[in-house]
Each structure stands twice: as C-alpha cells, then as structure tokens.
Protein chains: 2
Amino acid sequence: MKKIRITLLLLIFIQSIIAQSTNHNSYNLMPWPKEITSGQGMYIIKEDFTISLSENSTNRLYDAATRFLRRLSGRTGVFFEEGFPQNTENTPSLMIKIDRVGELKLNEDESYKMTISNTGVQINSVTDIGALRGLETLLQLTTADNSFFYFPSVTIEDTPRFAWRGLMIDVARHYQPLDVIKRNLDAMAAVKLNVFHWHLTDDQGFRMESKSHPKLHELGSDGQYYTHEEIRDIIRYAGERGIRVIPELDVPGHASALLTAYPELGSKENQVYTIERYAGVFDPTLDPTNEKTYELLSDIFTEVAQLFPDPYVHIGGDENEGKHWDENPKIQDFKKKNALASNHDLQTHFNLRLQKILQKLNKKLVGWEEIMTPNMPTTAVIHSWRGVEEGLQPGESLIKAAKKGHYSILSTGYYIDRMHDITHHYLVDPLPKSSNLSKDERKKILGGEVTMWGELVTPLTIDSRIWPRTAAIAERFWSQASVTDLDHMRKRLSVLSFRLEELGLTHLKNRNVILRNIANGYDTDALMKLTQVCQPLQKYSRNKGGTEYKSYSPFTLFADACTTDSPDAYQFESLVNEFISSPKSSQKGIESMLFEWKENHEELLVLRGKTPLVSEILKLSSGLNDISAFFLRILDQEGVSKVDINEFNRLINNVKAPHADVEIAVSETFVKLFDHLKKNEL
Amino acid sequence: MKKIRITLLLLIFIQSIIAQSTNHNSYNLMPWPKEITSGQGMYIIKEDFTISLSENSTNRLYDAATRFLRRLSGRTGVFFEEGFPQNTENTPSLMIKIDRVGELKLNEDESYKMTISNTGVQINSVTDIGALRGLETLLQLTTADNSFFYFPSVTIEDTPRFAWRGLMIDVARHYQPLDVIKRNLDAMAAVKLNVFHWHLTDDQGFRMESKSHPKLHELGSDGQYYTHEEIRDIIRYAGERGIRVIPELDVPGHASALLTAYPELGSKENQVYTIERYAGVFDPTLDPTNEKTYELLSDIFTEVAQLFPDPYVHIGGDENEGKHWDENPKIQDFKKKNALASNHDLQTHFNLRLQKILQKLNKKLVGWEEIMTPNMPTTAVIHSWRGVEEGLQPGESLIKAAKKGHYSILSTGYYIDRMHDITHHYLVDPLPKSSNLSKDERKKILGGEVTMWGELVTPLTIDSRIWPRTAAIAERFWSQASVTDLDHMRKRLSVLSFRLEELGLTHLKNRNVILRNIANGYDTDALMKLTQVCQPLQKYSRNKGGTEYKSYSPFTLFADACTTDSPDAYQFESLVNEFISSPKSSQKGIESMLFEWKENHEELLVLRGKTPLVSEILKLSSGLNDISAFFLRILDQEGVSKVDINEFNRLINNVKAPHADVEIAVSETFVKLFDHLKKNEL
C-alpha cells in the first residue's frame, strides 16, 4: 500500500514537473524575468477586476495602472466595471505596493516581485518604476482558453542586468512626428527599455527649436523641428513610462544643417552650406578655432540643459574626417600655435571646451567612441559603435573605455538599420564572458543602445525597422546572460510582435498599406506572400554610397514592405536542414513550399502591365518561380546531371541578383539543398 | 471619295466620343468637378518633374506643393530630382498661378482651373486655397499604365456648390489625440472639406485647457485635454490646408464634466457631479439664473475667442430636457419673475445672454437647431440635426431657419456614427429641388456637416467610421446637384479609400489589427472574410439605451472590425437582383458565394476553443453556413416544399439574430431570394 502511494505521489510530482515546464515554455514573456516559478491554478479576468494602489502611490503609477486596464480590456474584450484604480479597496484583483517614488536617473531601482494566485495578483516594488515594469510582465502573462482569460499562477522576482537600456532614434535624416516618438516610447516601456536617445541634429536637419538662435531651426529643418513645448511633452511622456531622455546634438561634424544657418562658424571660408539631401559622411564641420563657435554651443547647450532634466547629454563627436580643417590655413596655424599635432588632437581640444560648457551646466558628457582621447576626462561616457566594417573588433572600444575608467555603452551589434536578422543582434552581449575584465571594470559597462539611423525610414516604415527586433535586444539588456535559446526567443517574439500593435505600432499593418499602393487597387495577397521570402538589401547596400536615396525619395516601395527574418525563408531553411540530416523526411514540406512559390508567381502575373511598380518585383518572383520548378523536377528524379548543374548555376544567379533593392532570402538555402543533392546523387 | 472621307471622319468622331466617355468614367475624381473636358494625350511623370509657383505665392501653397511632391513620389515610386517647388523655373512640369492670398473665412473663393497637356500642367486660381483644391484634383488624376505614370490630358473648371463643408468630430465622448485630428484634417483637405467642427465638451469630458478656470480640464477630462499650444497647432495645421476650425462648447446641457469642476453652477443644489461614463442624454445642466454661470462662460468664451480666429463659435444648445430646472424651486421662481413660460423660454433667455457675450467678443453664434426660438436674432446660424427619429421631417429645421432669415447648416442625414450605408447619406441634399425656397432663402443654406459622434469610437476605430463614407458626402457638398450616379460613386469611392491611406488614415489597416488580437496569433483570413458580409448594428442599437458601453469599455471587438457597405453583401445583392430579373443567369455566381461562406465557416472553426472572443462570432458564421447549405440545395432542386419553407424560416431567424453587436448584412437578400424561388416554383 505504501509503495503504491509513493509511486502515485512520484507520478503526481513528475506530472507537475512536466506541467510546469510546459507552462514555462508557454509564457510569452520578453524580456524573460530573472526568476520565475510556476504555481497551481490561475486568476481569472472578469468584469469585477479591480486594482488597488498603496497610499504612497504616484500619478505615474495611477496613470500606468489605468493604461493597463485599457489594454487588458482591449485584449480580452472584458467590460470592466471599474475603469480606474482605487486607493481604498479591501480585496482588489491586483494590489500594487511600492516603497517610494522612483527617480529618473541611472541605476534607479527597477526591480519588482509578483505573485499570482487563485485569489489575486500582488506586485511589490521598491519604486513605482519597478511596478510599471511588473505591470508589463503581468500583461504579457494574459492567457486565453476556451471560455475565459486568466493570469497563470506564478511567482516572479525580476530585476534588470544592465542599468542603461536604450533605443536611439535619428530624427535628423527623416523627421519623425511626435506620435511616432510616443508610440515607440510605449513600445520601449512594454519591453522595459529605459533610455530614449534622441539624435536631434545631423547634416540633414537641425530638429530642435532654438530660442537663442532661431535661425537654426528656421533655416536648418525645412520647417520640421520640435518646439520646446513638444520636447517637454515627449520628456513628460517618457517619464510617465519610466524612460529617461538623452538628447544628442552631434558636433563638430555632421554639421551641414547647423552651418546652413550659421555658415560663419564653418571650417571652410566663404562656403555656402545647404541642408544635405543625401546620406553619408560629409565635410561640413564647426570651426574649433573660432570663439563664436563656443558662444553658440554654450547658448544651445544651455537651452538643452533647461529642457532636458537628465544629467547626461550626448554630443555626438563621430565621423569627423577633418577635410575642411586641413584645407583652412587659419586652422592649421591654430594647430601649430597650440601644439596640436593632429586633427584628432584638435577635436580633443574642441571636446574639452565642450566638456567645460557642459560641466558649468551641471551636465555629464556622452559621446561616440571617437571622443575617447588621452586627455578626455573619465567622467565622459563612451558610446561604442564601430565594428568589423570600420576595421575594429566588435565592442573593442567598450572594453578599452572600461579599462581606462570610463563608463561605456554598447551599440556595435545593435545597428538595426543594417537589416540583419534578429539572431545577429540577439547574441551580442555588452558584457560577454570572454571580456576578461575585473569586477570594477565590469561595473563600468552600463548597458547598450539599439540605434535606428534614419536615412531610409519615414513615419510609414520606421516601426517595421525597429520592431519586433528591438524587443529581443531589450531582452539581452534586461535578462540574465544565460537566456540565449534562439527558438524560444523566436516563438516569444512572434507573439510579442502582434501584441505590440495595441500600442499603435505600425510595423505589421503598414506593410499592407505599401502593397495596396503598389497593387493600385488589385489584390495584394500575392505581393504579401512574396514579402515573406524577401528581404531588403542588408548593411548599407540598398543605398550604395548614400547617393541613391535622397531624403525626399520615395520610401513606399516593395523594399519598404519587406523586413528581415522573412518567415517563409526561415521555415524553408529549417525544412532543408531537416532534409539534409534525415533524408526525405521533409521532402513533402519542401515541395509544398516550392509549389506555393510557383503558384504565387502565377497570381502575381495578374499585376503585369497594370503599373510600372511591379516590373522589378516580377523579376524577383520569376527567378523564384524558375528555381522552384527546377527543384520540383530534380527532387523527384534519381541523380543530378551535368545539365542540371549548369541549369542550377544559371537559375541561382538569377535568384541571387537583387531587384527593387530586395533579395530573395533563400538563395543560400537553395545552394545548400543543391549541394546536398549533388553530393548524394552524383 | 468624299463620302468615304466623311464616313471616316464620323467614325473618328464617334471613336473619340467613346474614348472620351470611357476616359471620363476612368477618372477617379471625388468630389467630381463642375466641368471636365477630356483632351488628347497625357503628361508623363518623370524624374525631372518640377513645380513653379507664381511670385505672389504663399507659404501655405509652397508647403502644399511640397506635400504634393512627396505624395506623388510615394504613389509612383518616381525619384524626383527636385524635392521642393521653385519660384523661378522657365518650363516647369506644373505651373501654379494665383491672384491673391486666400482668407480663412466663409465664402472665400476656392475655385480653380486646370489644364493638362503633353507639355505640362497649369493650375490657375483666384486664391492659394483654390490652388490647394486643384492640387488634390491633380493627385487624383494620377494614372498608371504598363511603363509609366501620367496625368491624362484634361481641362477642368471647378468651384464648390456650398461654402460650408464640414466634418464634426466629437472628442468629448472619447478623447482623440492630435495625430488623429491631423490625419483627418489631411483627409478632409483631400476631398475638399473646409470646416472642422471641434466638439470639445460634453458630459464625458471637458477637453479644452482653461487658463482662467483650470479646474475645468483638471477635474473634467481624466487628464485628456488639449492645451492652448495644441489647439493653436491644430488651427495652424488646418489653416495650412484651407480648413476653418469652429470650436463647440456645448451648453447649457451636456454639462456633467463642466459641473464636475464647478458643481455650484449646476441647476440641482448640493449635487455631486461626476464625469459621465455612459452614453445618452443626461440631466446635469448649467443654472441659467446664476450670474456666476455667465461670468464663467464669459471667461471661457474669451479664451475661445483668443484661440480660434474664425468668427463663428458653436455653443451647442441641444438636448436640454430641463429636468433639473423643474426640480429647482429657485429656478422656478426666476421663471415666474421673468415671465418665462417654459423651459424653452428659459433656455432662450440663456442663449440671448450668451449671444451678448459672444457679440462683445466679436463672434457669431452657431447652435444646434433647438436654439431657434422666436427671440433668437437671425444672426445666429442654425445647425439642423433632428430627423425622423426625433419625430421631424429630415431638414425641416433647415428650411424653417432659412425662411426665418437664419443662415443654416444641415447635419440630418450625415450622422455617420449611425452606421448606415453610403447611399443613405449620399443622396441627402442640403438644398433639394423640392425645398421650394425663394432665391434669397436658398442663399441662406450654407451647406452641411458630417457628424462623427464619439460614444463608440476610439483612436483605433474612428477613421473606419469616418472614411471612406465622408468622401462621398463631401462630394454632395462640393459637386453639382446632378452628380448622383450610385455605381459611379461607389467605384470612385473604392479607389479613393485606399488612396487616403497615404495620409496615414487607419480605416483599412486597423481592421486587421483588431482581428489579429481576436485570433490571438492564429490566421486572420477567415475572420476577415466574415467581416466582408457583416455590419455593426445600425442606428444606436449597438449601445441600447447608451448603457452597454462605458467610455472605457473595449472597442477592440469584432463589431469594431466591421463597417458599413460590406462588399460581399453588396455583391450578393447585385447577383440576386440579376437572378430575379433574368432567371438562372447569375446562379453560378450566387452558388459560388454561398460555397465560399460555407468553406469560410470551416476555416473559422479552427479558432473554436482557442479564445473566448470567437464564440459569438462563430454563431454569426454558423447561421450563414447553415442557410448557405440550404440555398445550395434548393437552388438545384425543382420547386420549394412546405418543409423547405419551415426550414427557411428557422434558418433566416438565426441569420437575422445579431451576435457580438454585429449582423449578417445579407439577411434581406436571402429573404428576397427565397421569396423569388417560392413564387416561381410553388
């Protein structure tokens, strides 16, 4: 009898472990929390759902809890009786207790604890900002079954790994209206990012209103700039979501727009500067030998200091090649007189002047890694961005900065405008095990920032470049280093992606807008299907040398409807891998995809002759159609002939050729599959 | 020989007439211009496209021409060399000449003339506002063939029929962020509407910041209000598009939010007022016998007068049932002392006080038709809104007002929130032939306004209620009375609908957002297909008595993804009509649709058990499935039996029953089809 009982208990125990691990995988949490324990049961979401806040609650928490109610109601369709949190209720569905008001500063406590049981949910945190992070986790736990929505019973203890978890948006190359910034702040909060780095100026635009030097925005922005009121509005909006705002005015290079307004501060004499319309690195540079330069900078950084409460200010400082300095004899004289051997030294001279201006304003300087010169005080934060493309090891400057005693932030590897797939970014760690830093040096690495450079994005497309990939990078910044399972990440990311739409993000829905324009009123299904196996050209090859696309070129093209991580390409690659490791097992799946691509091409042909916009797209589809037909034939035959090899080489070259700034994302998989067939069959 | 030549000429002449009328029908213009003549040839849109503006041009025209370039480039994918209009060029692609700056006032000249030839486009207008109207027409003329985009050669002379062409948006019931307002202003400009009527206050919210009485927005808006800066921003944005902005503060009724801040001005003593969460007509009313009421109103209307440049101010004045007046002895005394026989007279007393306040501020009063009492000065503009539902003839008050000497505006028939199909609204004419007014009286009818009441819309769904139907009503306001061809309207409207997306409108794309939420990650195709034959409950039956939906209820439901004018319902009705008039001719088409609905139901069943959100939706689909199977059977058989009749009655009752606040839009067509089969076959 006893034995049976033990066996039974063991069985129950094993079952509960199985249930737990199943549950575990079913939580669509991102970023993954530090500790999560599954419990028994669930809390059912019904009309009588209520929230109570501890008496020391804040407006920020009250508003966040109200937004939580709206989003929960929107997701579940449950009509809540109470639309707002209470301060008094005895037995709320959700009780939130905080110790104190959170401050918007580096290293503020963002931890929270959450317990969900059959009787309710409890969130406890040190700060209200921590409670906001918990509310996002709770929303992500919302689960449906046949008859109701519920929160599964769990216990979570969560805290971020890095203190600086940022998204940079470049609004200079293309202006982004307030609503674009706001919806991205909402999405940042949803994945627990806490720094919005606002790249406000560049060659293509000076986007901040200046009260002291109004010519800056009047002449330097085509009328597309943020007023002081609007900047305060964004800072307030971000603050309500526990997000700090770091402004960047990029100097002394990237200065075409600034110098359009104040050519007398440029390094080239008698130069007529104009707002730059192309992308790239340009020569217009502030004159570091002119005292008026520092007067202007002192004035605008004073405005910046008054507007932005955060102690950190980003001064850019990147990509100054000093061509105009070399060409200006006065600047050459200055270098000699001041014993500045190189342009590098001259820029250090400039940076130190700027550092003093900021110090007076009680601000700390952040700059791209080029500012890290021997004389730069270690109070400056180093923003690491260069990598293999620039002839450096990824993160090289990050480590160097930490060793020199600078705080530093990593963006190498997080350049999402380069259109790499998510695995490329997800596995980059700001603090990899291999980094070989001392404990103190490790503390110098504050975190990372995703960089959304704006040359090729407009309000129509920017969300589809930022999301959902940024959510996975946000997990890298928040979660433990050990969270690296790619399949699990992909699965959670695909759920998060459509959930982010409730915040107004357009990354999914605008794809069809672009396709409807291209199809000119005809059905878009076939175009949509084609996007699932295409990707825009990677790195910066879509805009060769930065001279193909001007800032006012159309970004409503097929390439703009395509994104990275094409789902059909991923599925096809998985099937081919399976096929190679265990022959024939997945042949049907492969054939079915090839057949679909062929069928889709037939449907696309309906658009031929209807609009000039489809001719290049048809070339993509045609190449895919031909090679699909080829594989359908040879998968069924015995052996691969010499004729087949020649045929394949011709077809794969067609598939590899980009059209409409887009490439077929399965060309390497085709090569892999053919190599396998060749090896096995010849 | 001569005879042959004449025949040949005749043939060419006839061919050109045919070509012309074909062309005519192919122009996707809305509103249809007053005069349009087709020419020979076209102007091809290439990279070298340029715009020149006459030297007296305005910033407004320069900005509009710049936006025109962006939209044209976005549509066509053509990379223009010049991104901005010029002032100097000799042979531009598009030359715009204006006589003078337009003023934002009633009856400003909005006419324009346009000539498109092989060598270029010319727009001439009296004012820059007229040129803006012409630019929208030109964009609508953009046509594609196989190899390029072009403007067809035409000559257009165009001018509006009515001077007041408005869209009212109620932002009180649900707050609408600035970007929602802005994209709707863009769309208004695209269809040549020129009045944005901003319904800023109601029981559910006081949405205008008040500097003189900040409690109004602090306590009356849940934090969702427009600052003065934001209001100025909207007025500027509208003005740049040639749109006047008319503010409405609705008094003395609809005052719950106002009285939440200032209960001492209410008509019921010792009443605790709160922001209303339900929809409907409520009792809270300003006390017209309290001098402090007028002091407050004088202060806020002074703010209004300072903010809004337009001479017209809307004071609401509707739906005051006077219940609280009746219950208050002091107010009863006041009526006696002042010989005010009825609450009607008391409200007139109130209105006249308000009229004096506005007069001092140099503003003209507009009010809903209830303000039209014998003592009301005829300077007040009457806004006609009541119709059959309120026991009146449509437009009754409009005619009455004109006869009394008031200027008047029609909204009866343009209540788009009632979810009628477009033909219902399109044929309502503010000045029907039957109106029997004198020439002078006819001049009193200024035009009309589409009213978008906000009880059931959020930023997610509001566009899909306003658009595309408002475009057809805009045609009613602009175009000649003779433009009434429903098929032609429908065809043009469907093109305009997806073209409007380039302005950021969400009426098409947000449907899938809602369905993705409902499907919880599963495929949305079957849900989408079902929306094509469903419609949300009409009139106000979706929200019976205004007590089903609170302002914070979810508006993310299947009903929110459905709209009027369901395309499959329209197609099915057409096929059935064809079938009835010429038996069997369209039976295959009918069967194919019935079969699709059956198939779609099978696909929808995949969602069963996956989320509670689909169970009601499946009832809709199930009813449609069953009746489709029934018709597929009896269409093929000879005769209709008694059993069939009973079966039909059971099935049609299922189809007629609404679920999830939605109804199948083809139930009447099913009845019609069955009646036909019964009559023919029994």
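The values are calculated or read from the model by the stated rules, or taken from the named source; none is laboratory data. Just so it is clear, the model here is predicted, and its values are computed rather than measured. Reconstructed Cβ throughout: ideal geometry from the backbone, glycine too, with neighbour counts over all protein chains shown. These area figures cover heavy atoms from the full protein model, side chains too; ligands, DNA and RNA do not enter into them. Shrake-Rupley method; radii C 1.70, N 1.55, O 1.52, S 1.80 Å.
For region B:105-121, the candidate set comprises residues that are of a type outside the set (D, E, K, R) and buried (at least 19 other Cβ atoms within 10 Å of the Cβ); within that set, the residue that is farthest from the other protein chains (Cβ to nearest Cβ) is B:Tyr112. A:Gln86 fulfils the conditions (1) at pLDDT 95 or above; (2) closer than 30 Å to B:Ile514 by Cα; (3) more than 31 Å from the chain's Cα centre (by Cα) except for a single criterion, (1). If you go through region B:61-81 and keep only what is touching a Phe, Trp or Tyr at 6+ places or on another chain (Cβ under 9 Å) and among the charged types (D, E, K, R), you end up with B:Arg70, B:Arg75, B:Glu81. Any residue that is surrounded by fewer than 17 Cβ atoms within 10 Å (Cβ to Cβ) and either touching a Ser or Thr at 6+ places or on another chain (Cβ under 8 Å) or within 24 Å of A:Leu346 (Cβ to Cβ) (or both) - is there at least one of those in region A:282-293? Within region A:282-293 (the criterion being surrounded by fewer than 17 Cβ atoms within 10 Å (Cβ to Cβ) and either touching a Ser or Thr at 6+ places or on another chain (Cβ under 8 Å) or within 24 Å of A:Leu346 (Cβ to Cβ) (or both)), the answer is yes, since at least one residue qualifies. If you filter region A:514-573 down to residues that are within 14 Å of another protein chain (Cβ to nearest Cβ) and of a type in the set (Phe, Trp, Tyr), you find that the one that is nearest to the chain's Cα centre (by Cα) is A:Phe555. Would you confirm whether or not region B:343-356 contains a residue that is surrounded by fewer than 20 Cβ atoms within 10 Å (Cβ to Cβ), out of contact with any His (no Cβ under 8 Å at 6 or more places or on another chain) and in a loop (DSSP other than H, G, I, E, B)? Looking for residues that are surrounded by fewer than 20 Cβ atoms within 10 Å (Cβ to Cβ), out of contact with any His (no Cβ under 8 Å at 6 or more places or on another chain) and in a loop (DSSP other than H, G, I, E, B), one finds none in region B:343-356, hence no. Checked against (1) in the same structural domain as A:Phe196 (by TED's automatic domain parsing); (2) farther than 25 Å from A:Ile664 by Cα; (3) open to solvent by 30 Å² or more (accessible area, probe 1.4 Å), A:His488 passes all but condition (1).
When the strands (runs of 3 or more DSSP E) confined to region B:122-222 are screened for residues that are open to solvent by 10 Å² or more (accessible area, probe 1.4 Å) and either within 14 Å of another protein chain (Cβ to nearest Cβ) or of a type in the set (Asp, Glu) (or both), those reaching at least 1 such residues are found at B:149-158.
Looking across region B:524-547, the residues that are assigned to a loop (DSSP other than H, G, I, E, B) and in contact (Cβ under 8 Å) with a residue 60 or more places away in the chain come down to B:Val533, B:Leu537, B:Gln538, B:Lys539, B:Tyr540, B:Thr547. More than 34 Å from the chain's Cα centre (by Cα) and exposed (fewer than 15 other Cβ atoms within 10 Å of the Cβ): is that true of A:Glu599 in this structure? The answer is yes for A:Glu599. Taking region A:216-243 as the range and being in contact with a Phe, Trp or Tyr (Cβ under 7 Å, 6 or more places away or on another chain) and closer than 30 Å to A:Glu110 by Cβ as the test, the residues that pass are A:Ile235, A:Ala238, A:Ile243. Return a yes/no flag: does region A:241-263 have any residue that is over 13 Å from A:Asp203 (Cα atoms), surrounded by fewer than 19 Cβ atoms within 10 Å (Cβ to Cβ) and of a type in the set (Lys, Arg). For region A:241-263, residues over 13 Å from A:Asp203 (Cα atoms), surrounded by fewer than 19 Cβ atoms within 10 Å (Cβ to Cβ) and of a type in the set (Lys, Arg): absent.
Among the candidates A:Ser464, A:Ser482, A:Ser494, which residue alone is farther than 24 Å from B:Ala144 by Cβ, open to solvent by 30 Å² or more (accessible area, probe 1.4 Å) and within 14 Å of chain B (Cβ to nearest Cβ)?
Values: A:Ser464 fails: open to solvent by 30 Å² or more (accessible area, probe 1.4 Å); A:Ser482 fails: within 14 Å of chain B (Cβ to nearest Cβ).
Only one candidate qualifies: A:Ser494.
Does A:Thr76 fit the bill of being in contact (Cβ under 8 Å) with a residue 60 or more places away in the chain and either of a type outside the set (A, V, I, L, M) or surrounded by 17 or more Cβ atoms within 10 Å (Cβ to Cβ) (or both)?
Values: in contact (Cβ under 8 Å) with a residue 60 or more places away in the chain: yes; either of a type outside the set (A, V, I, L, M) or surrounded by 17 or more Cβ atoms within 10 Å (Cβ to Cβ) (or both): yes.
Yes: the conditions hold for A:Thr76.
If the condition is being more than 9 Å from chain B (Cβ to nearest Cβ) and within 27 Å of the chain's Cα centre (by Cα), then region A:59-71 contributes A:Arg60, A:Leu61, A:Ala64, A:Ala65, A:Arg67, A:Phe68, A:Arg71. Could we say that B:Leu456 is modelled with pLDDT of 95 or more and away from chain A (no Cβ under 13 Å) here? Here the answer is yes, as B:Leu456 does meet what is asked.
You will find that of A:Thr470, A:Thr506, the residue that is away from chain B (no Cβ under 14 Å) and either touching a residue at least 24 places away in the same chain (Cβ under 8 Å) or open to solvent by 10 Å² or more (accessible area, probe 1.4 Å) (or both) is A:Thr470 and no other. For region B:295-344, the set of residues classified as over 23 Å from B:Lys363 (Cβ atoms) and of a type in the set (S, T, N, Q) consists of B:Asn328, B:Gln332, B:Asn338, B:Ser342, B:Asn343, listed by residue number.
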